[in-house]
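Inspection log for the structure reproduced underneath, given as structure tokens.
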Amino acid sequence: MIRGIRGATTVEQNEETEIIAATKQLLVEMIESNNIQPEDVASVFISVTKDVFAAFPAKALREIEGWTYVPVMCMQEIPVPDSLEKCIRIMMHVETAVPQEEIRHIYLNHATVLRPDLAGSNESNQK
């Protein structure tokens, strides 16, 4: 079965190294928390708010060994008034037998406000 695994984080500055570092941290935590192998990933969508444009966050995935052939696409979020700023969101589509309620969605930094019901289940997301 293909399941979606969500993740989100924020950056303080619209700066390439910070965008790549924050995205990589989020990806690594999503991968490790859900024991994901690259060959089980159908695709990865990464969206950013309109104030994050200094780099393609997808570059972070290419820095992770073994993830060269995983399809990844970046896009901009719709600009909803009063939404969380400087936010990077990830939707990873993974082939897994893990039940939906056991998937570990990861929310880091200020993005914990997006899904406090899920963010509280991760010890390392309170950064």
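The values are calculated or read from the model by the stated rules, or taken from the named source; none is laboratory data. What you see is a predicted model; the values in this text were computed from it and never measured. Cβ: placed from backbone, ideal geometry, glycine included. Neighbour counts: every protein chain shown.
Brief remarks follow.
- Test: residue in region 5-12 that is in contact with a helix residue (DSSP H, G or I) (Cβ under 8 Å, 6 or more places away or on another chain), among the acidic types (D, E) and closer than 23 Å to T112 by Cβ: yes
- Of the residues making up region 77-91, not a single one is exposed (fewer than 13 other Cβ atoms within 10 Å of the Cβ), more than 23 Å from Q13 (Cα to Cα) and without any contact (Cβ under 8 Å) to a residue 24 or more places away in the chain.
- Boolean, M30 is within 14 Å of the chain's Cα centre (by Cα) and within 19 Å of L114 (Cβ to Cβ): yes
- V52 vs. criteria surrounded by 16 or more Cβ atoms within 10 Å (Cβ to Cβ), in contact with a His (Cβ under 8 Å, 6 or more places away or on another chain) and under 24 Å from V113 (Cα atoms): no
- Members of region 67-121 that are in contact with a Phe, Trp or Tyr (Cβ under 7 Å, 6 or more places away or on another chain) and assigned to a loop (DSSP other than H, G, I, E, B): L114, R115
- Among the conditions (1) modelled with pLDDT of 95 or more; (2) among the hydrophobic types (A, V, I, L, M, F, W, C); (3) surrounded by fewer than 21 Cβ atoms within 10 Å (Cβ to Cβ), the only one that L114 does not satisfy is (1).
- Test: residue in region 33-52 that is part of a helix (DSSP H, G or I), out of contact with any strand residue (DSSP E or B) (no Cβ under 6 Å at 6 or more places or on another chain) and over 19 Å from I2 (Cα atoms): no
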